[in-house]
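Nothing in this text is a laboratory measurement; each read-out follows from the coordinates by a stated rule. Model, not experiment: these values are computed from the prediction. Neighbour counts run over all protein chains shown; Cβ positions are idealised from the backbone, glycine included.
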Amino acid sequence: MPRTNSKKITKVIPYSRQTIDQTDIEAVESVLRSDFLTQGPVTPLFEERIAHFCRSNFAVSFNSATSALHAACLALGVGKGDIVWTTAISFVASANCAALCGAEVDFVDVDPKTINMSVEALEEKLQSAERMGCLPKVLIPVHFAGNPVNMESLVKLKAKYGFQVIEDASHALGAKRGNELVGSCKHSEITVFSFHAVKVITSGEGGMAVTNDPELSNKLRLICTHGVTRDPTSMQVKDRGAWYYEQSSIGFNYRMSEIHAALGMSQMDKIDTFTKLRNAAAAKYDEFLTGIDVTPLSIDPGNLSSRHLFIIRFDTPLDEKQYEWIFSAMRAENILVNHHYIPIYRHPYYQRKGSQTNCTEAEKYFMNALSLPLFPAISEEEVYRSANSLKTAVKTCLR
Ligand SMILES: *Cc1c(COP(=O)(O)O)cnc(C)c1O
């Protein structure tokens with residue numbers, strides 16, 4: 001067992017943090033010294049790099065995954081009167097992207113072991129939606145905590161019920177299901193990654209949408225830049241001259257800057273190392289968490305998880321007071337545990353919109369899940385301290 005000393009006890013262990021080295025700093029610095037801070041040569045290189053890495057045909061960069069998800073919904077034609085389903089347990093952006101298009105959003109219950117969208121719950125919900133004539137146009141599964149969703153089963157339902165799929169892979173760059181990398185878009189229209197500071201790699205803020213469909217790629221790019229094109233082949237008016245540009249649809253300024261792309265590009269050199277370090281730290285947790293009644297999330301056999309989050313569930317259901325007590329006790333020791341996530345339909349916004357959804361497994365998970373610190377540079381001693389702090393808090397609280 002690693003030893004701790006009293007001085008280090010007070011050191012803050014965040015639930016996650018970025019890993020930045022000298023090469024990252026130099027990559028950003030070189031952009032700052034260059035001619036372009038935006039719409040320069042680095043962003044297309046970063047796009048190519050991500051597309052090549054996850055073996056998809058096209059990649060379009062965005063200033064966040066939230067923007068990319070919004071653009072993905074718009075590119076698939078989501079609008080007022082449409083229905084979009086996502087998973088009950090995720091970050092709110094997985095649902096907001098569709099709500100922003102004016103669509104009605106509903107939520108599918110999770111699998112109790114992995115907390116990925118439950119394929120059984122999805123099938124049941126589809127059957128009843130078909131009877132009531134309210135099938136979803138788009139489904140947004142989330143590769144929760146970095147463990148890829150069972151896309152083979154999901155795609156059978158996709159074929160049967162005719163919805164389109166956006167994979168929210170904000171947690172899952174570099175994750176694999178068998179030999180299939182998340183982002184290959186083999187079973188989906190579009191996959192979205194996040195490069196927020198705590199995600200698998202970071203560009204500061206940033207996101208990327210990947211697809212194999214050239215038409216969707218064009219649409220994503222238009223939505224990203226005001227609906228304006230300088231590409232003569234996609235213009236309505238032909239042969240107008242080199243000066244001419246055209247707004248063919250409506251869009252946003254959702255662009256990624258060169259500064260962000262340079263950091264993302266440099267971080268991509270380390271993705272395999274990061275994934276290995278995260279998995280090694282997770283294995284240490286498994287070792288140190290023996291003798292305590294908590295269960296980490298399951299990873300499907302054959303999956304490589306990117307281990308964005310390390311989440312445990314308490315085997316004995318806690319009430320809110322007990323949960324708060326354990327959470328605060330660990331935070332008081334500077335172990336900055338976190339909660340991922342409140343069922344999205346519980347938020348006041350979705351309640352006001354009249355969400356009637358109440359998912360059994362998502363509800364069980366809600367007061368029962370705790371994210372322990374996990375990031376590439378976490379030391380064995382820090383993992384030990386976090387695990388030990390949890391043990392002590394649980395023992396004291398449930399005594
Ligand atoms: C982080 C996250 C997002 C949003 O990513 P940003 O890049 O911060 O906009 C969306 N979905 C999930 C599941 C996330 O964890």
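Descriptive notes on the structure:
- Averaging Cα coordinates gives a centre for region 18-87 and one for region 178-230; these two points are 6 Å apart.
- Between 0 and 90°, nearest 10: helix 42-54 axis offset from the chain longest Cα axis: 60
- Estimated [θ] at 222 nm from DSSP helical runs (n ≥ 4, -39500 (n - 2.57)) normalised by residues in the chain, nearest 500: -11500 deg cm²/dmol
- Global size of region 77-161: 12.3, 35 Å for Rg and Dmax (C-alpha atoms, Rg to one decimal, Dmax whole).
- ³J(HN,Hα), Karplus 6.51/-1.76/1.60, whole Hz, each residue of region 243-256, x for Gly, Pro: 6, 7, 9, 9, 9, 9, 8, 9, x, 10, 9, 10, 6, 8
- Mean silhouette area of region 270-395, derived from the convex hull of its C-alpha atoms and averaged over all directions, reads 9.4 nm².
- Computed on the chain, with alpha-carbon pairs under 8 angstrom and 6+ residues apart, the relative contact order is 23 percent.
- For region 32-94, the set of chymotrypsin sites (Phe, Trp or Tyr not before Pro) satisfying both a DSSP loop assignment and a count of at most 14 other C-beta atoms within 10 Å is given as F36.
- Each residue of region 103-108 was assigned a 3J(HN,Hα) from its phi angle through the Karplus expression (A = 6.51, B = -1.76, C = 1.60, θ = phi - 60°), giving 7, 8, 10, 9, 10, 9 Hz with x at Gly and Pro.
- Values of log10 I(q)/I(0), in the order q = 0.14, 0.16, 0.20, 0.21 Å⁻¹, for region 25-121 under a Debye, Cα-only, solvent-free model: -0.73, -0.86, -1.03, -1.07
- Taking only the Cα atoms of region 164-316, the radius of gyration and Dmax are 20.3, 74 Å.
- Share of alpha-carbon pairs per 10 Å distance bin for region 122-236, given as whole %: 13, 37, 31, 17, 2
- Percent RCO, i.e. relative contact order, over region 232-391, from Cα pairs under 8 Å lying at least 6 residues apart: 29
- Karplus-derived HN-Hα couplings along region 214-220 (A = 6.51, B = -1.76, C = 1.60, θ = phi - 60°), whole Hz, x at Gly and Pro: x, 5, 5, 4, 4, 4, 4
- Whole-number D in µm²/s for the chain (Stokes-Einstein; Kirkwood sum over Cα pairs; 10 °C, 1.306 mPa s): 72
- Gained length - H347 relative to E123, 0.36 nm times residue gap less alpha-carbon distance: 78.1 nm
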